[in-house]
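Input: a single structure, listed below in structure tokens.
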């Protein structure tokens, strides 16, 4: 993809002891994706991520987020737009308690690309990273 992204986000890659990653589905949508959200003009991606995790999952961060890089993909919920995501590996502080904007939260096997609808960013960039993250943990 080329050009400026339409939507800039920070997203969390959260992996459990079984190598599954946490995915969420926002209310009124069908695609599962990483928890996270848009980066405001006055915050860094890491600050946006911490804010979004508090809003979406009612969790804090256990330690500093570890940057994985910047990735672009078609936006899952805004047809024709491109999302650019700063991905971070994070560990959560607290139990997951989905907020009002989250309709579902699941632990997902990264080898499974068929059982649920996946956001393009999740399918094409995040899930391929998860097995390597588990080995490096």
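List of remarks:
- Some residue of the stretch 116-131 being farther than 12 Å from residue 11 by Cβ and in a loop (DSSP other than H, G, I, E, B): yes
- One residue from 86, 103 being surrounded by 17 or more Cβ atoms within 10 Å (Cβ to Cβ), in contact with a strand residue (DSSP E or B) (Cβ under 7 Å, 6 or more places away or on another chain) and more than 16 Å from residue 15 (Cβ to Cβ): 86
- Residue match in the stretch 115-137 (condition: under 13 Å from the mean Cα position of the chain (by Cα), farther than 17 Å from residue 28 by Cβ, modelled with pLDDT of 95 or more and surrounded by fewer than 14 Cβ atoms within 10 Å (Cβ to Cβ)): no
Residue-by-condition table, conditions (1) over 14 Å from the mean Cα position of the chain (by Cα); (2) more than 14 Å from residue 11 (Cα to Cα); (3) at pLDDT 95 or above:
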{"position": "36", "(1), (2), (3)": "no, no, yes"}
{"position": "39", "(1), (2), (3)": "no, no, yes"}
{"position": "42", "(1), (2), (3)": "yes, yes, yes"}
{"position": "53", "(1), (2), (3)": "no, no, yes"}
{"position": "57", "(1), (2), (3)": "no, no, yes"}
{"position": "70", "(1), (2), (3)": "no, no, yes"}
{"position": "79", "(1), (2), (3)": "yes, yes, no"}
{"position": "82", "(1), (2), (3)": "yes, yes, yes"}
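- Those residues of the stretch 15-57 which are surrounded by 16 or more Cβ atoms within 10 Å (Cβ to Cβ), over 21 Å from residue 72 (Cβ atoms) and touching a residue at least 40 places away in the same chain (Cβ under 8 Å), in sequence order: 15, 19, 20, 22, 25, 53, 56, 57
The values are calculated or read from the model by the stated rules, or taken from the named source; none is laboratory data. Being a predicted model, the structure only gives us computed values, none of them experimental. Quick reminder, even Gly has a Cβ in these numbers, built from the backbone with ideal geometry, and neighbours come from all protein chains shown.
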